[in-house]
Every structure is written in C-alpha cells, then in structure tokens.
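Written out below as structure tokens is the structure these notes cover.
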Amino acid sequence: MAQLLAATTTTTTPPCGGLLTARASASSRGCFLRALPRSRAMASASGADAAAAAVAPPSLLVFSGGTAFNGVVEELKKVTTRVAHVLPVSDDGGSTAEIVRVLGGPAVGDIRSRCLRLSDESTSEALSVRTLLGHRLPLDPSEAKLEWYQIVEGEHALWDGVSQPYRETIRAFLVYFHNEMLRRSAEMFCFTNGSIGNFFFAGARIFFQSLDAAIFLFSRVSQIPAESLVLPVISTNDRLTLGCELWDGTIIRGQNEISHPSNGRKEVVNKDCNSCSALPSRIKRVFYMSSEGSNLLHEVFPEANRTVLEQLSKVDCIVYAMGSLFTSVCPSLVLRGIGETIASRSIPKVLLLNGSHDRETTGLPASGFVTAITDSLNRTYGYPDKSLKNLPKDYVNALLVPKGGQIPLDIKNLSSKGIFHVVTVDSIHDGKTGIIFDPHSLIQALTSLISDRRFVEPDLLTENVESVC
C-alpha cells in the first residue's frame, strides 16, 4: 500500500505557442495537430528514466458511464493517474441528443464529462477553462440562445481568466460548431441546457473528422494528466444507437428510452427508478442498432476500439463501475474482443455495486448484476456463433459493496458463481441518488485489492470472504 501511495505523477502543461486561432480552416488540420504540445508517447519517453527508478503506481481500466464514477475520480487521482476510462458513445439524451440530431456523429457527453473531471485545477486559468467548458446554458430557449451568442462572440464573463491563446483555441472550435449549425439551419438547433463542452467537442470532432483527435485536443486544452486516457469503447465518426431486448420480447430503441424516457420533452435527466414508469419486463440484453436505412431494428456489430483492447491486456486491475448497468457499462462489454481479453487476465476484476436500484435493475440482487455482466461479455444472447462460454468468475472476482445499500447481497448465489471476495465499503448519503460509496474508503479498498496476491494466483481465491472496510 505504501508503495502505491508513494508514487508521484506529472502533468504536462501545454505552452502558449502553436495554438489555433478562430480562423481555423479544414486545410490546417494536420498542421494544428503537429503544433499541439508534445504527445503522451513523447512525454512518457522523456520521463522513462525517472519512472524506472521509482515503483510505478497501479494501472486500471474502468468501464463506466459519464456520471456515477465521476464522484471518485478526484480521490483516485491521489493514488494513480494511470487509468484508462472507457466510455460508451451511444448516449442520446440531453444536450448530446440535440447535437446528434442536427450534426450526427457519436455521442460525446459521457466523454466530455469524464474529461472535465480529470482536468487540471491547479491554477486560476485552469479553473476558468474548466468552468467555461463545464457550463450549461439556461433551460429557457430564448435565454439559452442569447447566452450562447455572448459566449461564441467572446463577450461573456466566462471568458474572464482565460488567456488569449486558450481563448482563441477554444473559441475557434465553438465558432466552427456554430457555423456547422448554420449550414443546417432548417433543423432549428435548440440550445436549451446545452453544454459548452459538448459544443466544443462536437466542433473539434467535425473539424478533424476524428473522435480520437477531438479527445486529444480536449485533453490538452483541459490539461488532463498525460498518463490518463479517456477512450471511447468504439472509435467512430458515425452515429451509434443502443437497443435492448426485454425478456418478454419487447425491443426498445435508444439509450434514453431504456433508462429514463422523456416522452419527447427536453428536460434535465433523472435516472431515479421512481421518476419514470417501470419497464414491462427485465432487460435480457443490450446491442447496437442501425442508424441508417429503412430497417432501423437491424442489429449491427461495431468493432471495439483497439486501444481499449491493448489497455485491457496490460492493466493491473479492471473495474466495472457503479452507475446505469445496462446503458452505461454493458454497451462497452458486448463488443467482440472485450470478453476474450478480460477472461485471459489473472488480475483483480472488480464490480462496484450500486447503492440503489434504477429503472434498469429494479429487483436485481448482486448476483443479477454479475449475470448481466457475464452475459454481456459472453454475448450469450443474439447470435450463437458469436458467443463465448466463460464462467462468471472469469470476468468478476471481487465485489465492493456500499454499506447500507439497497441491492440484496446474496452471498450464496455469488459463491455458486465462483465469486468469493466481497468487501463492504463505507458509504455516504447523496440527496439525489441515495446511498453511494464514500470516495476515500472506496479507493482505499480498491487499492488493497490490487495489491492482493490471490488475484494473481486465482487458485488461492477459494474461500468465501466477506470483509468490512
């Protein structure tokens, strides 16, 4: 533990030179990328000698959505910044939905949310940039549009504290985003509750014609630690639609319709299971659906991001984060190659159990969460020739459970699945979501698991252990 906590991290601060102005053009894409600060690979190479002399902090890969795990990111950064955050690109609610409707492309809301949480806060300018990119426009459509024009024209108070190079860089892509909207004026873009970070992200993605390039740019502008990776589970420039099949045969199209249907209303998302009607049946599986052509119920099979597969093959720990099980975590697990790689690793594979149910998981015990993860990684339902036969213990070998949570902890069923390590972690009460993990206690418990040799030698995990942290 002491070795893990003693490790230090470095943050690469980009210089003022080489930044794009508001007059960016498509022809300068390549030049701009070369003018950005040194890449992660270069930064890693220059610090290789120093790193070799110290014990490396643990490396993790976290499957999550854009909300629930955000609350522990700051605490995790104190232990390690060597974290690959894998997020879905199928969100079709809120500000993201409006961008996808008018401009197309993948959903970037979850990625933007995690990038902001990882962003630098060490200087007043860094805080100003974070505040700007984290800002949401008013709910009133007229007020939202007026404020957007103040921001894109550089006249809003949010620009205070942002130096000229950063101001021109950020504004360049907001202007580009705005111009793309004007080209599609017939679509009548709605600015209600719009995220400035999402607008910046969308502008960068369209400008570079690359989601990866947009993430790289956002990471440099917000000064995310060089060792931290924010990865879309699918690297694409196309729109993706999530679907689910219920056990009664019902097919639901769209992430928003699965987890928190709004009936066409533009409103702040509320995922509380009491805030919307219950599903007619439990969820059997999630899958990707065609967004083009006449048969929108047609299932498609996008490829997993190769960088995600590479990270899975070398990290010290895999984490399935708390949050929306079927719409935040499982969309990243159903892709070919994910299950195969996870099953091949002898490392801690940890499920962070939710503190309460939502619409997707009403009535599920802890073992039900494990079954859902196993079925997703095995691709059990759908096309038999694409499925795996791995056991639950090949994918999950430890559970961290918030003390006082609502999810029934069925130890016997977990044991029957080969899962013997269950740790109860201190919790706190959140006014909006109920029982959640205490961030400090959670990261402490997670760090302890990573250093547990029994996960490196799976045959030692033969006792039913329920410990309290």
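Across segment 402-429, the qualifying residues are those that are of a type in the set (Val, Ile, Thr) and in contact with a helix residue (DSSP H, G or I) (Cβ under 7 Å, 6 or more places away or on another chain), and the one among them that is farthest from LEU442 (Cα to Cα) is ILE419.
Count of segment 229-241 residues, restricted to those that are closer than 14 Å to THR96 by Cα and either crowded, with 22+ Cβ neighbours inside 10 Å or in contact with a Lys or Arg (Cβ under 6 Å, 6 or more places away or on another chain) (or both), is 1.
For segment 101-119, what are the residues that are of a type outside the set (Ser, Thr, Tyr) and touching a Ser or Thr at 6+ places or on another chain (Cβ under 9 Å)?
Pass one, segment 101-119, residues of a type outside the set (Ser, Thr, Tyr): 101-112, 114-118.
Within segment 101-119, GLY104, GLY105, PRO106, ALA107, VAL108, GLY109, ASP110, ARG112, ARG114, CYS115, LEU116, LEU118 meet the criteria.
Find the residue count for segment 396-405, including only residues that are within 22 Å of the chain's Cα centre (by Cα) and more than 15 Å from SER416 (Cβ to Cβ). Result for segment 396-405: 4. Just so you know, in segment 157-213 the residues that are acidic (Asp, Glu) and closer than 15 Å to ILE99 by Cα include one that is surrounded by the fewest Cβ atoms within 10 Å (Cβ to Cβ), and it is GLU187. Within segment 277-304, residues that are modelled with pLDDT of 95 or more and of a type in the set (A, V, I, L, M) reach partners that are assigned to a loop (DSSP other than H, G, I, E, B) and open to solvent by 90 Å² or more (accessible area, probe 1.4 Å) with beta carbons closer than 8 Å, at six or more positions or on different chains, in the pairs ILE283/TRP247; ALA304/ARG336. Pairs linking a residue in segment 177-200 that is closer than 18 Å to LEU158 by Cα to a residue that is hydrophobic (A, V, I, L, M, F, W, C) and exposed (fewer than 12 other Cβ atoms within 10 Å of the Cβ), with Cβ atoms under 9 Å and 6 or more positions apart or on different chains, are ASN193/VAL268.
The values are calculated or read from the model by the stated rules, or taken from the named source; none is laboratory data. Worth saying up front: this structure is predicted, and the values here are computed from it rather than measured. Positions of Cβ are generated from backbone atoms using ideal geometry, with glycine treated the same way; all protein chains shown enter the neighbour counts. To get the accessible areas, we keep the full protein, side chains included, count just its heavy atoms, and leave off ligands, DNA and RNA. Shrake-Rupley method; radii C 1.70, N 1.55, O 1.52, S 1.80 Å.
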